[in-house]
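Chemist: Have a look at the structure that comes next, please.
The values are calculated or read from the model by the stated rules, or taken from the named source; none is laboratory data. All of these numbers come straight from a predicted model, not from anything done at the bench. The accessibility values were calculated without ligands, DNA or RNA, using every heavy atom of the protein model including side chains. Shrake-Rupley method; radii C 1.70, N 1.55, O 1.52, S 1.80 Å.
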Amino acid sequence: MASTSVLLVSLSLILINIITLPLLSTAISSCNGACKTLNDCAGQLICINGKCNDDPDIGSNECGGGGGSSSPPPTTNNCQPSGTLVCQGQSYPKYTCSPPVTSSTKASLTLNDFSEGGDGGGPSYCDGKYHANGERVVALSTGWFDNKSRCLKMIRIRASNGKSVTAKVVDECDSHAGCDAEHAGQPPCRNDIVDGSAAVWNALGLNQDLGVVPVTWSMA
């Protein structure tokens with residue numbers, strides 16, 4: 001009987017400890033953990049295709065890179081998200097900054113229609129005009145746009161195939177706002193975007209169906 005009593009007491013203590021443990025909250029996922037929104041991921045990780053991974057916009061390297069060509073190596077720039085914006089159930093980081101501009105600044109080239117009724121919504125921010133798809137024009141992420149300081153200036157864009165082209169900065173690819181009529185319902189841009197017209201893509205010999213390609217750029 002004594003041994004039975006000791007066993008019952010031990011079991012009771014174990015049950016009490018389990019019951020008094022704090023309830024686990026929703027887990028914060030680490031590298032490659034499952035996620036639905038940016039808030040599901042730990043530290044500077046972001047939710048990419050349902051898994052937490054390094055943020056290519058800020059060069060975080062908590063997951064060790066993995067050798068993917070879409071993630072640039074870690075940098076020393078201190079550009080951090082300034083918050084998040086939820087669009088149609090998806091969480092997007094907001095930025096007011098971009099990586100430092102150099103003689104060969106890494107960027108992601110996207111495709112934009114600057115004409116009236118096109119992807120860009122309203123007229124271009126720099127000159128208040130729409131631009132035909134045959135014009136070599138671009139929009140830059142908020143940090144690179146730098147409060148209109150690069151308006152109507154020429155930049156040179158270089159593709160990995162060796163081709164380069166100059167284009168005029170006519171608009172901002174807003175990294176801090178979006179998902180409204182002013183932005184044609186588009187979410188905030190990443191902070192490393194050069195948003196080019198069809199003429200820019202054609203001059204670089206790029207397939208527009210790709211949608212996004214890595215490039216470098218500098219002031220012309």
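Chemist: Quick check: with the 1.4 Å probe, what order do His176, His131 take by accessible area, largest first?
Modeler: Values: His176 70, His131 15 Å².
The most accessible residue leads, giving His176, His131.
Chemist: Can you list residues whose amide H is under 5 Å from Val86's amide H, if they're 5+ apart or on another chain and H is modeled 1.01 Å from N?
Modeler: The answer is Tyr92.
Chemist: Also, I was wondering about something else. Apply the Karplus parameterisation 6.51 cos²θ - 1.76 cosθ + 1.60, with θ equal to phi minus 60°, to every residue of region 126-141 and state each ³J(HN,Hα) to the nearest whole Hz, in sequence, with x for glycine and proline.
Modeler: Couplings: 6, 10, x, 10, 8, 10, 5, 5, x, 8, 8, 10, 9, 10, 10, 3 Hz.
Chemist: Normalised by the number of residues in region 75-198, what is the relative contact order in percent for Cα pairs under 8 Å and 6+ residues apart?
Modeler: Numbers: 261 pairs, mean separation 39.3, N = 124.
Reported relative contact order: 32 percent.
Chemist: Using the structure shown, list the pairs from Lys51/Lys168; Lys51/Lys94; Lys51/Lys153; Lys106/Lys153; Lys129/Lys163; Lys51/Lys148 with a Cα-Cα distance above 30 Å, or answer none.
Modeler: Numbers: Lys51/Lys168 37 Å; Lys51/Lys94 19 Å; Lys51/Lys153 39 Å; Lys106/Lys153 19 Å; Lys129/Lys163 28 Å; Lys51/Lys148 36 Å.
Listed pairs above 30 Å: Lys51/Lys168; Lys51/Lys153; Lys51/Lys148.
Chemist: Scan around Gly33 for amide H atoms under 5 Å from its own, H built in the peptide plane at 1.01 Å from N, and keep only partners 5 or more places away or cross-chain.
Modeler: For Gly33, whose amide H was placed from the backbone, the distant partners under 5 Å are Cys52.
Chemist: Now, a different point. Can you list residues from other chains, or at least 5 along the same chain, whose modelled amide H is less than 5 Å from the amide H of Asn112?
Modeler: Placed amide hydrogens put Gly196, Ser197, Ala198 under 5 Å from Asn112.
Chemist: Run the 1.4 Å probe and let me know the accessible area of Ser141, rounded to the nearest 10 Å².
Modeler: 0
Chemist: For region 88-103, what does the Karplus curve 6.51 cos²θ - 1.76 cosθ + 1.60, with θ = phi - 60°, yield as ³J(HN,Hα) per residue in whole Hz, taken in order and with x for Gly and Pro?
Modeler: 6, x, 9, 9, 10, x, 10, 10, 10, 10, 9, x, x, 7, 10, 6
Chemist: Taking all protein chains in place and a 1.4 Å probe, what share, in percent, of the accessible surface of region 90-172 do carbon and sulfur account for?
Modeler: Working: 1750 of 3950 Å².
Its accessible area is 44 percent carbon and sulfur atoms.
Chemist: Quick one: accessible area per residue over region 91-220, 1.4 Å probe, rounded to a whole number of Å²?
Modeler: Working: 5900 Å² over 130 residues.
That works out to 45 Å² for each residue.
Chemist: Moving on to the next point. Using a 1.4 Å probe and counting only protein heavy atoms, arrange Glu135, Glu116 so the residue with the most accessible area comes first.
Modeler: Working: Glu135 75, Glu116 140 Å².
From most accessible down to least: Glu116, Glu135.
Chemist: When the Karplus curve 6.51 cos²θ - 1.76 cosθ + 1.60 is applied with θ = phi - 60°, which whole-Hz ³J(HN,Hα) does each residue of region 206-220 get, with x for Gly and Pro?
Modeler: Residue by residue, region 206-220 yields 9, 7, 5, 5, 5, x, 9, 9, x, 9, 10, 8, 8, 5, 7 Hz.
Chemist: Students sometimes get this wrong: rank Arg150, Arg136 by accessible area, probe 1.4 Å, all chains present, largest first. Display every interim value, and only then the final one.
Modeler: Working: Arg150 45, Arg136 115 Å².
These residues rank, largest area first, as Arg136, Arg150.
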